[in-house]
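Colleague: Before I ask anything, let me first share the structure, which is written out below as structure tokens.
The values are calculated or read from the model by the stated rules, or taken from the named source; none is laboratory data. Treat the numbers as computed from the prediction; the structure is a model and nothing was measured. We place every Cβ from the backbone using ideal geometry, glycine too, and count neighbours over all the protein chains shown. The protein model used for the area step is the full one, side chains on, heavy atoms only, and it has no ligands, DNA or RNA in it. Shrake-Rupley method; radii C 1.70, N 1.55, O 1.52, S 1.80 Å.
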Amino acid sequence: MKNLLLNQLSQDDFKRLEPYLKITPFKQHTILFEAEREIDRVYFPTTGVVSLVVTLETGEMVEAAMVGSDGVVGASAALDGRISLSRGIVQLAGDIVVCSIDGLRSAALQSPTLLSLLIRHEQTVYAQAQQSAACFATHHIQARLCRWLLRARDLAGTDTLNFTQEYLAEMLGVRRTTVTVEAHTLQSAGLIKYARGKIQIVDAEALQDGACECYETVKRHYARLLGPGKQ
Ligand SMILES: [Zn+2]
């Protein structure tokens with residue numbers, strides 16, 4: 001299992017969950033669940049990457065958190081409530097291990113270690129969402145774009161990201177023309193290359209220099225809450 005949480009499970013916990021797990025390929029832009037709706041499955045991404053987005057009455061959506069092989073999507077709804085607080089959308093196509101909500105709930109209720117892992121993980125999602133709010137309010141779009149590309153690169157495990165500029169603009173909550181200008185600046189400086197629907201990260205180190213502090217802050221939260229030796 002190429003998912004950090006599933007990998008961290010003890011043998012007993014994994015055995016409890018195993019009957020409910022199914023590796024499923026997902027296409028880009030698949031909506032896993034809508035906000036304020038009941039959900040019946042949770043998702044442990046392996047090669048796929050999922051965005052948790054806030055939808056507005058105008059139809060716009062802005063990203064609150066990005067979850068990939070380092071996490072799970074929908075776990076808090078599984079523990080109780082069953083209602084999703086955001087829309088879950090597949091940002092990059094790939095495999096996701098799908099688990100029934102009842103399966104995860106009953107396994108977590110039998111295992112304090114699994115319950116603790118899921119609660120710590122939900123804290124990382126909360127940490128991302130609060131960082132996104134601060135980032136949106138105070139950081140320059142170019143630094144935010146660098147941050148966003150680095151996080152997507154970490155989760156996708158590749159330097160080639162299949163994103164259109166329209167999609168980037170939507171996730172970052174800015175106009176498409178703004179993303180075009182910023183992407184052009186990054187390309188001219190040799191940090192990225194972009195062609196139709198694809199962004200190639202050329203110089204990740206320089207991208208890190210250009211990113212706002214939020215990239216490292218979120219990474220630190222993940223390491224503290226879910227890093228090695230936490231279970
Ligand atoms: Zn920021």
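Colleague: Straight distance only, please: which lysines reach the Cα of Lys27 with their own Cα at less than 27 Å, same-chain residues fewer than 8 apart left out?
Modeller: Within the straight-line limit of under 27 Å, Lys27 reaches these lysines: Lys2, Lys193, Lys198, Lys219.
Colleague: Okay, next question. If you take the alpha carbon radius of gyration of region 1-138 and divide it by 2.2 N^0.38 Å, what ratio comes out, to two decimals?
Modeller: 1.01
Colleague: Measure of size requested: the Rg and Dmax of region 12-83, with Cα atoms as the atom set and Å as the unit; please supply both.
Modeller: 13.4, 47
Colleague: Using a Förster distance of 22 Å, how high is the FRET efficiency between Asp203 and Thr180, based on the Cβ-Cβ distance and rounded to 0.05?
Modeller: Working: r = 20 Å, r/R0 = 0.90.
Once rounded, the FRET efficiency stands at 0.65.
Colleague: Kindly report the accessible area of the chain per residue (heavy atoms of protein chains, probe 1.4 Å, no ligands, DNA or RNA), in Å².
Modeller: 49
Colleague: Further question: Using the Kirkwood radius over C-alpha pairs as Rh, can you work out the diffusion coefficient of region 179-219 via Stokes-Einstein at 4 °C, viscosity 1.567 mPa s, in µm² per second?
Modeller: 119
Colleague: Given a 1.4 angstrom probe, I'd like the percentage of the accessible area of region 28-138 that is carbon and sulfur, rounded to a whole number.
Modeller: Answer for region 28-138 is 53 percent, counting heavy atoms of protein chains only.
Colleague: Another question, if that's okay. For region 62-169, take the alpha-carbon Rg, divide it by the Kirkwood Rh, and send me Rg/Rh.
Modeller: Numbers: Rg = 15.5 Å, Rh = 15.5 Å.
Over the Cα atoms of region 62-169, Rg/Rh equals 1.00.
Colleague: Go ahead and estimate [θ] at 222 nm for the chain from helices alone: -39,500 (n - 2.57) per DSSP H run with n ≥ 4, summed, over the residue count, rounded to 500. Present the calculation step by step, with values, prior to reporting the outcome.
Modeller: Numbers: 10 runs with 111 residues, N = 231.
So the calculated ellipticity at 222 nm is -14500 deg cm²/dmol.
Colleague: What list of ³J(HN,Hα) couplings, whole Hz, do you get for region 15-31 from phi and the Karplus terms 6.51, -1.76, 1.60, once you set θ to phi - 60° and write x for glycine and proline?
Modeller: 4, 5, 7, 3, x, 9, 8, 9, 6, 9, x, 10, 7, 4, 6, 5, 8
Colleague: With the dipole of the chain worked out from charges on the C-beta (+1 for Lys and Arg, -1 for Asp and Glu) around the Cα centre, which of Met1, Ala211, Gln187 lies farthest toward the positive end?
Modeller: In the chain, that residue is Met1.
Colleague: Oh, and also: What FRET efficiency comes out for Ile119 versus Asn162 if R0 is 25 angstrom and r is the Cβ-Cβ distance? Round to the nearest 0.05.
Modeller: According to the calculation, E is roughly 0.15.
Colleague: What is the dipole size for the chain, taken about its Cα centre, with +1 at each Lys and Arg Cβ and -1 at each Asp and Glu Cβ, in debye to the nearest 20?
Modeller: Computed charge dipole of the chain: roughly 280 debye.
Colleague: Give the span of region 122-170's Cα atoms along each principal axis, as three whole-Å numbers ordered largest to smallest.
Modeller: So the extents along the principal axes, rounded to whole Å, are 28, 25, 16.
Colleague: Given a 1.4 angstrom probe, I'd like the percentage of the accessible area of region 157-231 that is carbon and sulfur, rounded to a whole number.
Modeller: Carbon with sulfur: 49 percent of the solvent-accessible area.
Colleague: Bins of 10 Å, beginning at zero and ending with the bin holding the largest distance: percent of Cα pairs per bin for region 101-231, please.
Modeller: Reading upward from the zero bin: 12, 37, 28, 16, 7, 0.
Colleague: From largest to smallest, what semi-axes in whole angstrom does the chain give when each is the square root of 5 times an eigenvalue of its alpha carbon gyration tensor? Write down the numbers at each step before the final one.
Modeller: Details: eigenvalues 189, 65, 52 Å².
Taking √(5λ) for each eigenvalue gives 31, 18, 16 Å, largest first.
Colleague: So for region 144-211, considering every pair of alpha-carbon atoms, how many percent are separated by more than 18 Å?
Modeller: Details: 575 of 2278 pairs.
When all Cα pairs of region 144-211 are counted, 25 percent exceed 18 Å.
Colleague: Here is a further query. Which net charge results for the neighbourhood of Asn3, defined as the other residues with beta-carbon distances under 10 angstrom from its beta-carbon, given Lys and Arg at +1 and Asp and Glu at -1?
Modeller: With Lys, Arg at +1 and Asp, Glu at -1, the neighbours total -1.
Colleague: Let me ask you something else. So, in Å, what gap is there between the alpha-carbon centers of region 83-133 and region 163-231?
Modeller: Region 83-133 and region 163-231 have Cα centres separated by 23 Å.
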